[in-house]
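The values are calculated or read from the model by the stated rules, or taken from the named source; none is laboratory data. Everything quoted here is computed from the prediction, not taken from an experiment. Quick reminder, even Gly has a Cβ in these numbers, built from the backbone with ideal geometry, and neighbours come from all protein chains shown. For the accessible areas, the whole protein counts, side chains as well, though only heavy atoms, and no ligand, DNA or RNA atoms are used. Shrake-Rupley method; radii C 1.70, N 1.55, O 1.52, S 1.80 Å.
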Amino acid sequence: METVTFGVLGPVTAGRDGAPLALKGPRHRAVLARLVLARRRVVPVSRLVADLWEVPPPRALGAVRTFVGDLRRALEPDRPPRAPARLLVTEGPGYALRPAVDAVDAWRFEEAVEAAERLPAARAPDRLAAALGQWRGPAYAEFAEEGWTRGERARLTELRLRAVERRAELLVELDRPAEAVPDLDAHLTEHPWREEAWRLLALALYRTGRQADALAVLRRARARLAGELGIDPGPRLRRLEAAVLAQDPALDPPAEPAQAAARLWTAATEAYDRTVAAGSGARLETAVGLLRHLAVTGGGGLEAARRHRPAAVAAAEETGDAELTARVIGAYDVPANWTRSDDPEAARRLVEAAERTLAALPDAPAAGPARCRLLATIALESRGVRTPRGPEAARRAEEIARRLDDPALLAFALNGTYMQSCTAAGMSRRRDAIGAELVALASRHGLVTHEVLGRLVRLQARAAVADFTGADEHAAAADRLAARHERPLVAVFTAWYRALRRAASGAPYEEAAAGYRTAAALLEGAGMPGLERGLLPLALLGLRLSRGLPPRVDRHADWGPYRPWAEPFALLAEGDRAGAEEALRRLPAPPPDLLQEALRCAEAALALALGDRAALRRAYDALLPASGELAGAGSGVLTFGPVDAWLTAAARTLEGP
């Protein structure tokens, strides 16, 4: 069967079985390009006319029909007269191009880039290189000046730039830095404003033993950014320059254990036979055990585990064995103590897989442990999402674990209960009880990672009520366990706690801010984007507001999920009061996580500044259950000051209690 393909990653082309098709004039190619851009959707004739001509000629509609007729003859030359077209169809008020999903180079490129993220790290660079090889020039090259291509061209170009940088990043992580250098050099020649590419090039040079060249690249980046854009390098570039000058060991390739684990994972996944050969289930379970180990080895391991886990679950589901799938999903009992997901889309897919598996399990007592683990997984992966299913799954998992009297199962279930303990403000006492039970249970049964989790949960809960003596004890205990059992990510949380403690204890503003910045530096490469994104600017905003200082909001900072709370402050500072009022009206409810009290305080500060009584009442009512606590300190990372201070200020305005 003949295959018709289309190319838009460069000049617009069409071909049949590898041979190019004659598309006549530029208007024909423009019609084809416009239809490809619509991605199989109908484009009304009136839209085609408006896009093809600034001032349509008198017979524009007829001309479009002629172009379409010519294209149909070129695309389907053997179609019998009056037979309906299969590729370029007439539908409703216009036309649609309906090629196969892999017939357009731009679509294949997008799919390949997404697929590379699901592959083991060792195989992803080749997949990305193949995807990038499909580019023949700028997307929709001959229509670069047309308004209708602008958005799509920008989107595809950004995807290509990110793919180049992601491939380089993987090569550096895999200790193949020399392979990354030539492509990054060429990339930066065309795109000198890409700070991440400068960072990767300098790191790749450093890891190939070219320290002087690495420094020269960083200084060239500084000169280009300052000279052409008038900006200083971002924090990641500045930190890298300091680290290169200090020959920081952290710049060396990943430690051998993590490399070995990554190699083992690659071998395990490549060996897995999807035709369910003898023993394949055992290999899958072994691979998931390896992922569980990877997740606690540090940032790179955590990222690798998160990246590969969905593939393992998908492979298990393909076997059609619900019990095997339940074991594969439930075996990843890695403790989590942050209530915002690092990858919400992956978490959603895991929840769906767990729900499907739960429904397929036999209704028998022997399936109890598998049901418990699936329910605990649903509770964990539903964190930060307002849904009744998360708390219900946590409750049922805990009930099953207690009935079965299985310590490891109960520890896993309690982790899910903890993740669902933020449904409202002021629940630190509940979390403290969960943490205390985890510490007692884990220490009795040698469950080290869950004992660390319990200590960190109690640290957060004691900080919420300003019991810093108790919180200090749990921080020290967590650090001791981490040092003894090689849990490097614990230091990230205890560093943030100490920055919070300094801020809450009245340290001078600059000293407290420096503490937050030092803690933020530890998040780079820690593999926890759900924690990292937006945390530092939010902490600094809370520091200023809690001290009665005017808020300073840098629009260019990475506010991550907290941007809706930052934007009204920025608009107000710019004198756009109406814009700030509208942004406050559109403000969403904070997600049910450890920072909801802090975000409610930001809402209260905005409402006070703008005199919005409805927003102030909303914030007051939400904060009232947390009376007596430090706003946001239950996160263990930041605070907006005493909740009661915000309640008092709100009550004065509202003339309430």
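Some points to look at:
- In the range 171-180, the condition of being touching a Gly at 6+ places or on another chain (Cβ under 7 Å), acidic (Asp, Glu), modelled with pLDDT under 90 and assigned to a helix (DSSP H, G or I) is met by at least one residue.
- Selection of first residues in the range 112-134 that are at pLDDT 85 or above and of second residues that are of a type in the set (Asp, Glu) and assigned to a helix (DSSP H, G or I), restricted to Cβ pairs under 9 Å at least 6 apart or on distinct chains, gives the following pairs, ordered by first then second residue: Ala124/Glu117; Pro125/Glu179; Ala129/Asp183; Ala131/Glu110; Ala131/Glu111; Leu132/Asp183; Gln134/Asp105.
- Restricting attention to the range 1-38, the residues that are part of a loop (DSSP other than H, G, I, E, B), open to solvent by 20 Å² or more (accessible area, probe 1.4 Å) and modelled with pLDDT of 90 or more add up to 1.
- The range 439-466 residues that are within 23 Å of Asp644 (Cα to Cα), paired with ones that are assigned to a loop (DSSP other than H, G, I, E, B) (beta carbon under 6 Å, 6 or more apart): Leu459/Gly636; Gln460/Gly636; Ala463/Gly636; Ala464/Glu629; Val465/Glu629
- Residue match in the range 223-244 (condition: of a type in the set (Gly, Ala, Ser), under 24 Å from the mean Cα position of the chain (by Cα) and open to solvent by less than 30 Å² (accessible area, probe 1.4 Å)): yes
- Test for Leu623: is it surrounded by 24 or more Cβ atoms within 10 Å (Cβ to Cβ) and either in contact with a Lys or Arg (Cβ under 8 Å, 6 or more places away or on another chain) or more than 24 Å from Gly530 (Cα to Cα) (or both): yes
- Output for the range 88-112, where each listed residue is in a helix (DSSP H, G or I) and either among the polar types (S, T, N, Q) or open to solvent by 20 Å² or more (accessible area, probe 1.4 Å) (or both): Trp107, Arg108, Glu110, Glu111
- Some residue of the range 463-476 being surrounded by fewer than 24 Cβ atoms within 10 Å (Cβ to Cβ), of a type outside the set (Gly, Ala, Ser) and closer than 16 Å to Leu595 by Cα: yes
- Qualifying residue in the range 388-398 (condition: of a type outside the set (D, E, K, R), touching a residue at least 12 places away in the same chain (Cβ under 8 Å), under 22 Å from Ala589 (Cβ atoms) and open to solvent by 30 Å² or more (accessible area, probe 1.4 Å)): yes
- Counting the residues of the range 115-160 that are within 30 Å of Arg27 (Cα to Cα), of a type outside the set (Phe, Trp, Tyr) and either part of a helix (DSSP H, G or I) or open to solvent by 40 Å² or more (accessible area, probe 1.4 Å) (or both) gives 23.
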